[in-house]
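The values are calculated or read from the model by the stated rules, or taken from the named source; none is laboratory data. Just so it is clear, the structure is predicted and the values come from calculations on it, not from any experiment. Cβ atoms come from the backbone with ideal geometry, glycine included; neighbour counts cover every protein chain shown. Each accessible area value is taken on the protein alone, full model and side chains, heavy atoms only, with ligands, DNA and RNA left out. Shrake-Rupley method; radii C 1.70, N 1.55, O 1.52, S 1.80 Å.
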Amino acid sequence: TKAVLFKRCENTDKAQRLQNIMGFQTLNTFRKMLMSRPDAPVTIDDAVAAEDIHGKILGGLKGKTVCKKERPMADSRPITLSVCVMDRYRDIVLSIDVMKVNKIPFLITIL
């Protein structure tokens, strides 16, 4: 019935607000907190339904980094150039700098 559905939606909203108040816990951590508190105003089913309806809590996702394995450095040994190339381009200076746009670094080169 509509009354049961309305009550269920209210409980999912309560679960989401409670999860926000408790510091953006993950669903598994939030479940453990609910199990340890038998007098909690929402049930575990409400928390699961809230995540199904509203998605994951954004505050819990923001700011978390994913560890990535570092890639090995590219080969940095000097290469030999032919004499004709060296004679023609001997006086060229290549300058490199890092410029950030909206906190995204870009490598800038100037000849």
Legend entry - Heavy atoms of residue 109 accessible to a 1.4 Å probe, total area in Å² rounded to 10: 90 Å²
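Considering only protein heavy atoms, with the full assembly of protein chains and a 1.4 angstrom probe, order 30, 106 by accessible area, largest first. Let's see the in-between values first.
Values: 30 0, 106 100 Å².
Largest accessible area first, the list is 106, 30.
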Legend entry - Label-to-label distance, nm, for residues given as residue 8 and residue 96 (7 Å Cα→Cβ offset): 5.9 nm
Inset, instruction - Could you sort out which of 14/103; 14/100; 68/103 sit more than 30 Å apart by Cα distance in this structure? - result: 14/103; 14/100
Inset, instruction - Quote the accessible area belonging to residue 101 in square angstrom, nearest 10, computed with a 1.4 Å probe and with ligands, DNA and RNA left uncounted. - result: 70 Å²
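Using a 1.4 angstrom probe on the protein heavy atoms only, line up 79, 96, 44 by accessible area, largest first. Mind showing how you got there, number by number?
Details: 79 140, 96 105, 44 55 Å².
Largest to smallest exposure gives the sequence 79, 96, 44.
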Inset, instruction - Provide the solvent-accessible area of residue 37, counting protein heavy atoms only and rolling a 1.4 Å probe, rounded to the nearest 10 Å². - result: 130 Å²
Legend entry - Neighbourhood charge, 14 Å Cβ-Cβ cut-off, centred on residue 11 and excluding it, Lys, Arg +1 and Asp, Glu -1: -2
